[in-house]
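A.B. asks: What follows is a structure written as structure tokens; I'll ask about it next.
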Amino acid sequence: MAERSSELSGFYRKSAEDRRRAVLEFAGIEPEAEKPWLPPEGVDRGILERMIENVIGTFPLPLGVATNFRVNGKDYLVPMALEEPSVVAAASHAAKISREKGGFHAQSSPPVMIGQISLVDVPDPSGARLRILEAEPELLALANSKDPLLNKVGGGARALEVRLAPTPRGTIVIVQLHVDVRDAMGANAVNTMAEALAPELARLSGGRRNLRIISNLAVHRVARVWAIFPRTALEGEGTSGADVVEGVLDAWNFAAHDPFRCATHNKGIMNGISAVAIATGNDFRALEAGAHSYAAWKAGPGGVIAPLTTYEKNAEGDLVGTIEVPMAVGLIGGATAVHPTAKLNVRLLGVKSAQELAQVMASVGLAQNFAALRALANEGIQKGHMALHARNVAVMAGAQGAEVDELARRLAQEHAVRQDRAREVLADMRKTSPSKT
């Protein structure tokens with residue numbers, strides 16, 4: 001048998017159908033197995049071809065809706081696309097609890113992104129810094145000339161800052177351009193402006209231009225949200241609401257003082273935020289990078305990572321949760337403006353600006369984090385999570401139709417959500433009720 005080669009000449013020029021045939025042949029997969037890759041009805045295949053390269057099909061994710069959200073007095077149904085069980089249910093339940101005390105109260109800073117231009121081999125870095133700052137008005141005018149439409153809608157380049165970073169390869173002069181990108185995520189506008197400034201910055205510094213690129217550490221584009229979770233609504237099986245409040249406070253304190261726990265604490269926040277980002281066509285990878293970098297930036301030189309949320313107890317004994325997180329999201333450009341599912345999801349959400357979207361997404365992050373901490377402090381995270389995961393295990397074991405829910409129920413009841421046990425229970429079910437198969 002000849003050795004297979006992944007060097008497929010002219011692959012990018014083929015149609016999606018021909019690419020599918022080629023990769024199936026490469027992998028030794030029968031042609032009729034291609035069905036899961038086929039784009040669903042209602043999705044323009046031409047759009048998919050224009051979004052990324054070498055398209056062979058689609059990869060659908062479950063799309064759910066989180067209910068009960070009230071942000072700044074307005075109600076929302078929030079679309080969430082992800083594969084993990086319990087996330088949508090947990091966010092919805094947390095939002096319902098928050099409604100007793102007015103829901104989520106949100107604010108966000110102006111949508112300012114940072115573009116970075118690095119200059120190397122600069123003979124006098126400190127002098128270069130002052131020369132660049134002195135030329136700030138002219139440099140901002142040059143940047144703004146590259147995007148007159150952004151200026152027309154109230155955005156544009158706003159300020160420059162210059163930092164010096166000593167390194168083993170010499171001092172890097174880092175010029176950071178602050179750009180108000182309005183309702184866009186902003187990468188294209190910021191990168192274009194950074195490219196335009198680079199030659200003039202190299203001339204002013206006497207050095208050599210290196211990178212010109214947006215930063216995902218969006219410290220000037222932050223969403224802040226707070227909510228009250230009343231202790232009377234937090235009671236669990238044999239656990240008082242006051243005990244749950246203390247348990248959440250202890251769980252947050254653990255995250256605030258241990259980087260291993262904090263990583264998972266912040267991941268839980270992003271379970272909610274990233275799911276909304278995917279559903280609305282936003283760059284969830286940029287959001288993840290920005291959030292986790294922000295957590296490290298918050299910790300400061302002496303720390304490692306800090307929680308993106310805080311929890312405190314107010315005078316009434318209720319739990320007060322807050323979140324502060326970079327939120328570089330947009331409503332124009334990118335997949336949000338092209339992908340039909342993302343466009344429909346934005347319509348469902350009903351947000352009118354990128355800042356409003358940021359506030360809703362941060363609220364979902366806070367809700368998701370609170371729900372996780374409450375579960376950890378009360379019955380443990382696995383009880384609800386595994387009950388939902390049991391359905392996936394049931395399907396993988398071969399259950400069909402009504403068998404899925406019954407098998408999942410039995411596995412959860414036994415606390416044995418495993419493939420081997422699922423196959424055994426399913427076989428027993430079919431022995432006693434053969435007509436259901």
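The values are calculated or read from the model by the stated rules, or taken from the named source; none is laboratory data. Everything quoted here is computed from the prediction, not taken from an experiment. For neighbour counting, all protein chains shown are included, and Cβ atoms are generated from backbone atoms with ideal geometry for every residue, glycine included.
A.B. asks: Would you confirm whether or not the stretch 211-232 contains a residue that is in the same structural domain as Glu83 (by TED's automatic domain parsing), under 25 Å from the mean Cα position of the chain (by Cα), among the aromatic types (Phe, Trp, Tyr) and in a helix (DSSP H, G or I)?
C.D. replies: Looking through the stretch 211-232, none of the residues is in the same structural domain as Glu83 (by TED's automatic domain parsing), under 25 Å from the mean Cα position of the chain (by Cα), among the aromatic types (Phe, Trp, Tyr) and in a helix (DSSP H, G or I).
A.B. asks: Keeping to the stretch 118-156, report how many residues are among the hydroxyl-bearing types (Ser, Thr, Tyr) and closer than 30 Å to Ala354 by Cα.
C.D. replies: 2
A.B. asks: List, please: which pairs have Cβ atoms under 9 Å, are six or more places apart or on different chains, and start with a residue in the stretch 145-174 that is more than 26 Å from Arg129 (Cα to Cα) and touching a residue at least 12 places away in the same chain (Cβ under 8 Å) and end with one that is surrounded by 13 or more Cβ atoms within 10 Å (Cβ to Cβ) and acidic (Asp, Glu)?
C.D. replies: Pairs that qualify, where the first residue is more than 26 Å from Arg129 (Cα to Cα) and touching a residue at least 12 places away in the same chain (Cβ under 8 Å) and the partner is surrounded by 13 or more Cβ atoms within 10 Å (Cβ to Cβ) and acidic (Asp, Glu), are Leu150/Asp180; Val153/Asp183; Gly154/Asp180.
A.B. asks: Let me ask something else. In the list Ala256, Ala315, which residue meets the criterion of being over 29 Å from Pro62 (Cα atoms), free of Cβ contacts under 8 Å to residues at least 60 places away in the same chain and out of contact with any helix residue (DSSP H, G or I) (no Cβ under 9 Å at 6 or more places or on another chain)? Outline the logic, then answer.
C.D. replies: Working: Ala256 fails: out of contact with any helix residue (DSSP H, G or I) (no Cβ under 9 Å at 6 or more places or on another chain).
Among Ala256, Ala315, only Ala315 is over 29 Å from Pro62 (Cα atoms), free of Cβ contacts under 8 Å to residues at least 60 places away in the same chain and out of contact with any helix residue (DSSP H, G or I) (no Cβ under 9 Å at 6 or more places or on another chain).
A.B. asks: Count, please, the residues in the stretch 11-67 that happen to be free of Cβ contacts under 8 Å to residues at least 24 places away in the same chain, under 30 Å from His389 (Cβ atoms) and among the polar types (S, T, N, Q).
C.D. replies: Result for the stretch 11-67: 1.
A.B. asks: Quick check on Asp428: is it modelled with pLDDT under 90 and either of a type in the set (Asp, Glu) or surrounded by fewer than 16 Cβ atoms within 10 Å (Cβ to Cβ) (or both)?
C.D. replies: The answer is no for Asp428.
A.B. asks: Would it be correct to say that Gly73 is loosely packed, with under 12 Cβ neighbours inside 10 Å, closer than 27 Å to Val245 by Cα and in contact (Cβ under 8 Å) with a residue 12 or more places away in the chain?
C.D. replies: Yes; evaluated as a whole, the condition is true for this residue.
A.B. asks: Condition (residue is over 30 Å from Arg99 (Cβ atoms) and not in a loop (DSSP other than H, G, I, E, B)) applied to the stretch 51-64: is it met by at least one residue?
C.D. replies: Yes, that holds for at least one residue.
A.B. asks: If you go through the stretch 176-223 one residue at a time, how many are of a type in the set (D, E, K, R), surrounded by fewer than 18 Cβ atoms within 10 Å (Cβ to Cβ) and under 22 Å from Ala362 (Cα atoms)?
C.D. replies: Summing the residues that are of a type in the set (D, E, K, R), surrounded by fewer than 18 Cβ atoms within 10 Å (Cβ to Cβ) and under 22 Å from Ala362 (Cα atoms) in the stretch 176-223 gives 0.
A.B. asks: Farther than 16 Å from His220 by Cα and in a helix (DSSP H, G or I), is that true of Thr322? Quick ask: steps written out before the conclusion?
C.D. replies: On the way: farther than 16 Å from His220 by Cα: yes; in a helix (DSSP H, G or I): no.
Answer is no for this residue.
A.B. asks: For the stretch 79-135, give me each residue that is in contact with a Phe, Trp or Tyr (Cβ under 9 Å, 6 or more places away or on another chain) and on the phi > 0 side of the Ramachandran plot.
C.D. replies: Once the filter is applied, which keeps residues that are in contact with a Phe, Trp or Tyr (Cβ under 9 Å, 6 or more places away or on another chain) and on the phi > 0 side of the Ramachandran plot, the stretch 79-135 yields only Gly103.
A.B. asks: Looking at (1) over 30 Å from Val222 (Cβ atoms); (2) surrounded by fewer than 17 Cβ atoms within 10 Å (Cβ to Cβ), find the lone condition where Leu24 falls short.
C.D. replies: It fails just one condition, (2).
A.B. asks: So which of Ala354, Ala375, Ala289 ends up being farther than 30 Å from Val43 by Cβ and touching a residue at least 60 places away in the same chain (Cβ under 8 Å)? Please lay out each step first, then the result.
C.D. replies: Working: Ala354 fails: farther than 30 Å from Val43 by Cβ; Ala289 fails: farther than 30 Å from Val43 by Cβ.
After applying the criteria, what remains is Ala375.
A.B. asks: Also: Determine, yes or no, whether Leu331 is without any contact (Cβ under 8 Å) to a residue 12 or more places away in the chain and either crowded, with 21+ Cβ neighbours inside 10 Å or assigned by TED's automatic domain parsing to the domain that holds Asn266 (or both).
C.D. replies: Criteria not met by Leu331.
A.B. asks: While we're here: Can you confirm whether the stretch 292-299 contains a residue that is in a helix (DSSP H, G or I), over 13 Å from the mean Cα position of the chain (by Cα) and closer than 22 Å to Pro62 by Cα?
C.D. replies: No: the stretch 292-299 contains no residue that is in a helix (DSSP H, G or I), over 13 Å from the mean Cα position of the chain (by Cα) and closer than 22 Å to Pro62 by Cα.
A.B. asks: While we're on this one: Report, by residue number, each residue of the stretch 82-105 that is crowded, with 22+ Cβ neighbours inside 10 Å and in a strand (DSSP E or B).
C.D. replies: Matches in the stretch 82-105: Phe104 only.
A.B. asks: Ok, one more. Consider Gly281 carefully, then state whether it is within 30 Å of Glu235 (Cα to Cα), in contact (Cβ under 8 Å) with a residue 12 or more places away in the chain and in the same structural domain as Val88 (by TED's automatic domain parsing). It would help to see each step written out before you state the result.
C.D. replies: On the way: within 30 Å of Glu235 (Cα to Cα): no; in contact (Cβ under 8 Å) with a residue 12 or more places away in the chain: yes; in the same structural domain as Val88 (by TED's automatic domain parsing): yes.
No; evaluated as a whole, the condition is false for this residue.
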